[in-house]
Amino acid sequence: MLPRSRTLPPRIHESINDESRDMRTYFQVETRPKVQEEVLEASIPQGLSKCFDDDGRLKRTGTVLTASSHIITAVIGSGVLSLGWAIGQLGWVAGPAVMILFAFVIYYTSSLLSDCYRTGDPITGRRNYTYMDAVRSNLGGVKVNVCGAIQYINLFGVAIGYTIAASISMMAIQRSNCYHASKDKGPCPVSSNTYMIMFGVVEIIFSQIPDFDQVWWLSILAAVMSFTYSIVGLSLGIAETAKNKRFGGSLMGIEIGTVTKSGTVTATQKIWRNLSALGDIAFAYSYSIILIEIQDTLKSPPAESKTMKKATLLSIVVTTTFYLLCGCMGYAAFGNNVPTNLLTGFGFYNPYWLLDIANLAIVIHLVGAYQVYCQPLFAFVEKQVAQKCPKSEFMTHEYELRFPLLGTYKLNLFRVIWRTIFVIISTTISMLMPFFNDVIGILGAFGFWPLTVYFPIEMYLAQKKIKKWSSRWIALQMLSLTCFVVSVGAACGSVAGVVLDLKSYKPFKSMY
């Protein structure tokens, strides 16, 4: 039997009038005065309190390992393979420097955000289950709706981006085998639509997993896959560099006048490419939109914020190391001709079987990453619907389905239909605009400043009651302003890239 959720609010699908609800329903409490807590503990049968946390929910079991796996799954996406291209635009000086700078900013702001999981006392304060709850508790007002809109639009965008990325990897497997069969003579045109539909069908199945906490095994598998294809890309980059007996590229990145597949690089395009590269790097570190949801899976003691900070530090160190190695070796191997994706852009053709394994690992990773990002969105919509229609059997009732050897699955009709429709819509949009690099650049720019920088800083200032115009206030506002300028520039660069792609694009007829 699948375990009850430790992450999301109590069963939002259960009817309000259901008399069979278990005992823990009656022990769900907000933060109470100490006297009330003692009375509550005395009223709970001996041994029952050991099964539930201070908010009446089942004991959370998350650790540094599980939180790190969630973060790595969310962070080390197939975007790591486009970092060679990003460094190629910025050059040997600015490329690695920008990547390290982003790592420091992400770690610092993530630490600020982790302190917002509880309101008040970091150990006994009221829990905030989602990013929106944290903003509501610390800032309130219209900022709550703005945060929610940006967060969930970004999560929807990530679903689109990952669908595109998965189809590209699946096509790369077919093309690799085709090139091998024709002895690298080609041509091997492949359509992306079939693979996007295949990926969508798989996600419809996995989207029926009820809660975020129940995808931990998929998250760990995805994290292992991310290391697999990253190591393959890194190894091939090192081998190609050794073969060339030199490091390709230049200090300032791709030069004006360089001829690429999309044409000759002009001075204007150089600017747009640099800005788009910033968006790619920002997206590569983007996981703040689900940080609070990940933190809500952690057990305590120790305080959830302490565990989350350890997981964040571990994850950022690991991902930054991989990013630098993969990005730098990709650029070193191909110089100004570095492809947008080391494994799918056919910078490498052989060994074809190793490329197939790496691209298959990308697809498996993206299946898990899709769920890590979309589960919070699923939970948000289902919670809102259940609150508005608490007596609707269609919205809230769960039917138990028993499977031999697998246990019991609780089926909710609304969950099945809504999540299926969501995947169908995201897959259809992916088929309409399959521009991987520019799409992830837009996503990175759109979500980076507000969710990774602005809201964590504003909540920290409100929580710590830091006075305006104090030295710390000025420093944090300068950081926020700088990141805002970077986000706007990256968004402009990515939009310009999409406009350029649209000149040679036909809907539902994407061939590679």
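Every number in this text was worked out from the coordinates using simple rules, so none of it is lab data. Everything quoted here is computed from the prediction, not taken from an experiment. Here the Cβ is made from the backbone with ideal geometry for all residues, glycine too, and neighbour counts use every protein chain on show.
Coupling constants for the stretch 134-150 follow from the phi torsions by the Karplus curve (6.51 cos²θ - 1.76 cosθ + 1.60, θ = phi - 60°), and in residue order they are 5, 5, 5, 6, 9, 10, x, x, 5, 4, 5, 5, 5, 4, x, 4, 5 Hz; glycine and proline get x.
For the stretch 229-297, the list of chymotrypsin sites (Phe, Trp or Tyr not before Pro) that fall in a loop by DSSP and count at most 15 other C-beta atoms within 10 angstrom reads PHE247. With q set to 0.12, 0.23 Å⁻¹, the log10 of I(q)/I(0) for the stretch 209-329, from the Debye formula over equal scatterers at the Cα positions, is -0.69, -1.43. Hydrodynamic analysis of the stretch 63-160 uses the Kirkwood radius over alpha carbon pairs. Inserted into Stokes-Einstein at 25 °C and 0.890 mPa s, it gives a translational diffusion coefficient of 152 µm²/s.
Between LEU298 and GLY62, the built amide H atoms are under 5 Å apart, and every one of these is 5 or more places off in sequence or on another chain.
In this structure the amide hydrogen of ILE466, modeled in the peptide plane, comes within under 5 Å of no amide hydrogen from residues 5 or more places off or on another chain. Of the peptides 421-428, 383-390, the order by per-residue mean of other Cβ atoms within 10 Å, starting with the highest, comes out as 421-428, 383-390.
Between VAL201 and TRP353, full extension at 0.36 nm per residue minus the direct alpha carbon distance yields a gain of 52.1 nm. Legend: P(r) of the stretch 287-335 from all alpha carbon pair distances, 5 Å bins from 0, whole percents, reading 5, 18, 19, 17, 12, 10, 8, 6, 4, 1. Our estimate of slack between ILE256 and ALA462, defined as 0.36 nm per intervening residue step minus the Cα-Cα distance, is 69.5 nm. Let me make sure I get this right: for the stretch 235-305, a, b and c are the square roots of the gyration tensor eigenvalues over alpha carbons, sorted descending. Under 1.5 in a/c it's rounded, otherwise prolate if a/b > b/c, else oblate. Which is it? Oblate. When peptides 300-310, 118-128 are sorted by average Cβ neighbour count within 10 Å, with the highest value leading, the order is 300-310, 118-128. A simple spin-label model places pseudo-atoms 7 Å from Cα toward Cβ; at THR266 and LEU500 they are separated by 1.1 nm. Along the stretch 159-171 the Karplus relation, 6.51 cos²θ - 1.76 cosθ + 1.60 evaluated at θ = phi - 60°, assigns HN-Hα couplings of 4, 5, x, 6, 5, 4, 4, 5, 5, 5, 5, 5, 5 Hz to successive residues, with x for each Gly and Pro. For the pair ASP53 and PHE104, label points projected 7 Å from Cα toward Cβ lie 3.3 nm apart.
Applying 1/(1 + (r/R0)^6) with r as the Cβ-Cβ distance of VAL488 and TYR399 and R0 = 56 angstrom yields a FRET efficiency of 0.70. Put simply, the amide H of MET252, placed in the peptide plane, has neighbours under 5 Å in TRP92, leaving out anything fewer than 5 places away on its chain. Only alpha carbons enter this Debye calculation for the stretch 109-214, each as an equal point scatterer, and the log10 of I(q)/I(0) it gives at q = 0.14 Å⁻¹ is -0.77.
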